[in-house]
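Since the structure comes first, as structure tokens, the remarks are kept for the end.
Each value in this text was obtained by applying a stated rule to the coordinates, not by laboratory testing. Everything numeric in this text was worked out from a predicted model, so none of it was measured. As a convention, Cβ positions derive from the backbone with ideal geometry for all residues, glycine included, and neighbour counts pool all protein chains shown.
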Amino acid sequence: MALNKEQVTAVVHKFGKNEHDTGASEVQVALLTERINQLTQHCKQFKKDKSSQRGLLILVGQRRRMLKYVQRTDLEKYRSLIKALGLRK
């Protein structure tokens with residue numbers, strides 16, 4: 001259920017300043033979104049997997065906190081990130 005190397009490099013290339021910029025807030029939010037999408041599909045298929053559901057809720061909380069940070073520091077970056085990821089807010 002973890003992201004493979006190709007998926008991570010694609011997300012970093014799209015949202016980072018360079019190919020090694022994995023620490024930027026936008027990249028972290030995008031990576032969390034990818035993991036959340038994967039876990040959502042897994043939880044739809046395996047409805048009784050409660051540990052994965054718990055992990056999904058933890059990831060959603062982390063992404064919410066990270067988005068709150070991005071919104072507080074740079075509002076334009078936040079708006080473009082929400083639009084690029086297709087998140088509701």
Q) Of all helices (runs of 4 or more DSSP H) completely enclosed by region 1-78, which ones contain at least 3 residues that are surrounded by 18 or more Cβ atoms within 10 Å (Cβ to Cβ), without any contact (Cβ under 8 Å) to a residue 60 or more places away in the chain and of a type outside the set (A, V, I, L, M, F, W, C)? A) 25-45
Q: Look at residue 84 and say whether it is among the hydrophobic types (A, V, I, L, M, F, W, C) and either at positive phi or exposed (fewer than 15 other Cβ atoms within 10 Å of the Cβ) (or both).
A: yes
